[in-house]
Amino acid sequence: MHELRRMRPLLGTFVEVGARGPNAAQALDAAFACIAAAQDRWSFQDAGSELSRLNAAGGEPLAVHPATVRLLRLAAALMRRSGGLFNCTVGGALVQQGVLPDHGGPPALPRGCAEDIETGRRWARLGRPVRVTLDGIAKGMAVDEAVVALRQSGATAGWINAGGDLRVFGDMVLPVHRREDDGHMTPLGALRDAAVASSRVPSPGEASDPAFPGCLIGPPEHPPRPGIWTVLARTAWRADALTKVAACAAPADREALVASLGGRLLMQGEHAT
Amino acid sequence: MARSSHDWCLFLLPMAAVASPVHASDYLTVPQAQVLLFPAAKSFAEQTLKFDDAQRDRIKAAAGVRQRTGEQKVWRAERDGQSLGWFMVDEVIGKHEFITYAVAISPDGQVLGVEILSYRETHGGQVRDAAWRRHFTGKTLADHFKLDDDVPNISGATLSCRNVMDGVKRLLVVHKLFLAKA
């Protein structure tokens, strides 16, 4: 039985894939191909990605891959169910802040709502001039799709860690640590057949570190709270999306809200203030 | 689908705290990466490019990033006397990471693939320590595949791979200036 692991720079970070099985090498290739395809489809930075073309389509329907339809639908559903704490239509605001590149076109609304995203079987359309940014959940979805690719290639167990969005499957437990702000590692536990993701919200006025470029904005009445937010879920896209919900939720509702959306808040991320 | 909290114990098991300041992995040796990136090649002809100050300035001007060292080792991937492209190994020494990676570049200057050979992530000055430089010294994958030992299963703020992508850009410039046929 072969076990292999490998790492490549993808999705703007370092992606590690491990696989156990008779065709581990082919399984790794299939997983990386899957992640590269996700990058080509869902990168906001790349003006030629399917996502960028959707953002630039001026409200016209655009033919997109079924995986893009699936991801947009999951994102819109979570926007509704989280009362807007998760919001993937904040690309306009992030472009205004200079966090994301401006690929031109008419000025966008800073943020939109779930109803702005319309999808059909193989098409998508933005009802208003919003910019969709799928960053975190796209990374999570890439991980989830790559897990499917590993399995289809005969891997009996394995894992993928895409810059902290990580998922493990099969007969394998993966010890997971969390990198804290001061660099020390907190053991989270041994992960089995599930996913973990973290998002970091910097403190107000904190100088941005280009090594950790993540940026999160919430609804005006629920700004994200500084800290590192870590969520356990069965899939990586959900774990990643729920880190945003946890960061923006009112402290009293936070744990219950994350639980009601299918995740578990692992550590209180909020900085002591 | 919501789950009650006790279900989650199945998915995240308690783990003893291991003093593990070093999150480090070796993925591939140089020969392994060569075979992976150029599966059709029969041989790899090694040579060392040496750069004077003026050449280093030209690299920086074209790539936007500094050529740190005065030389670059390159391998020409060959099959039956034909060049399939170039294989190069480079290092990134960042604030948080020390990474060795390999790039395959086609004869006409396209990136065929990038593989991380060795990944060390830490904080502060540790990565600059000489001890960190004992990477990929003839190890095989099987030697260091231990799930519970120094594996970077880290969640947290996402570390950017920009340093490596800048390095790849610089190696493309090196290829264009010194290796591509006119």
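The values are calculated or read from the model by the stated rules, or taken from the named source; none is laboratory data. Everything numeric in this text was worked out from a predicted model, so none of it was measured. Cβ atoms come from the backbone with ideal geometry, glycine included; neighbour counts cover every protein chain shown. Heads up: the accessible areas ignore ligands, DNA and RNA and are worked out on the full protein's heavy atoms, side chains in. Shrake-Rupley method; radii C 1.70, N 1.55, O 1.52, S 1.80 Å.
Taking the conditions exactly as written (out of contact with any strand residue (DSSP E or B) (no Cβ under 8 Å at 6 or more places or on another chain), of a type in the set (Gly, Ala, Ser), more than 10 Å from every other protein chain (Cβ to nearest Cβ) and closer than 19 Å to A:Arg178 by Cβ), does A:Ala241 satisfy them or not?
Working: out of contact with any strand residue (DSSP E or B) (no Cβ under 8 Å at 6 or more places or on another chain): yes; of a type in the set (Gly, Ala, Ser): yes; more than 10 Å from every other protein chain (Cβ to nearest Cβ): yes; closer than 19 Å to A:Arg178 by Cβ: yes.
The answer is yes for A:Ala241.
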**OP:** Could you tell me whether region A:192-203 includes any residue that is modelled with pLDDT under 90 and more than 10 Å from chain B (Cβ to nearest Cβ)?
**Re:** yes
**OP:** Out of the residues in region A:182-191 that are out of contact with any Lys or Arg (no Cβ under 8 Å at 6 or more places or on another chain) and more than 7 Å from every other protein chain (Cβ to nearest Cβ), state the one that is surrounded by the most Cβ atoms within 10 Å (Cβ to Cβ).
**Re:** A:His184
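Mind telling me which of the residues A:Thr89, A:Thr156 ends up being at pLDDT 90 or above, away from chain B (no Cβ under 12 Å) and under 23 Å from A:Asp40 (Cβ atoms)? Outline the logic, then answer.
Details: A:Thr156 fails: under 23 Å from A:Asp40 (Cβ atoms).
The conditions single out A:Thr89.
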**OP:** Evaluate region B:75-90: report whether one residue or more is under 26 Å from A:Val17 (Cβ atoms), within 14 Å of chain A (Cβ to nearest Cβ) and part of a strand (DSSP E or B).
**Re:** yes
**OP:** Please tell me if A:Leu78 is within 14 Å of chain B (Cβ to nearest Cβ), open to solvent by 20 Å² or more (accessible area, probe 1.4 Å), closer than 26 Å to B:Gly156 by Cα and not in a strand (DSSP E or B).
**Re:** no
**OP:** Look at A:Val99 and say whether it is within 18 Å of the chain's Cα centre (by Cα) and open to solvent by 40 Å² or more (accessible area, probe 1.4 Å).
**Re:** yes
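Could you please let me know if A:Met172 is open to solvent by 30 Å² or more (accessible area, probe 1.4 Å) and of a type in the set (A, V, I, L, M)? Before the answer, list the steps.
Values: open to solvent by 30 Å² or more (accessible area, probe 1.4 Å): no; of a type in the set (A, V, I, L, M): yes.
Judged against the criteria, A:Met172 is not a match.
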**OP:** Spot the failing condition for B:Leu112; the list is (1) away from chain A (no Cβ under 14 Å); (2) open to solvent by 10 Å² or more (accessible area, probe 1.4 Å), and only one is missed.
**Re:** (1)
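Yes/no matrix, rows are residues, columns are (1) among the charged types (D, E, K, R); (2) closer than 13 Å to B:Asn153 by Cβ:
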site	(1), (2)
A:Gly120	no, no
A:Ile137	no, no
A:Glu145	yes, no
A:Ala157	no, no
A:Gly163	no, yes
A:Gly170	no, no
A:Leu174	no, yes
A:His184	no, no
A:Arg200	yes, no
**OP:** Could you tell me which numbered condition B:Lys73 fails, if it satisfies all but one of (1) farther than 28 Å from B:Leu159 by Cβ; (2) open to solvent by 80 Å² or more (accessible area, probe 1.4 Å); (3) in contact (Cβ under 8 Å) with a residue 12 or more places away in the chain?
**Re:** (1)
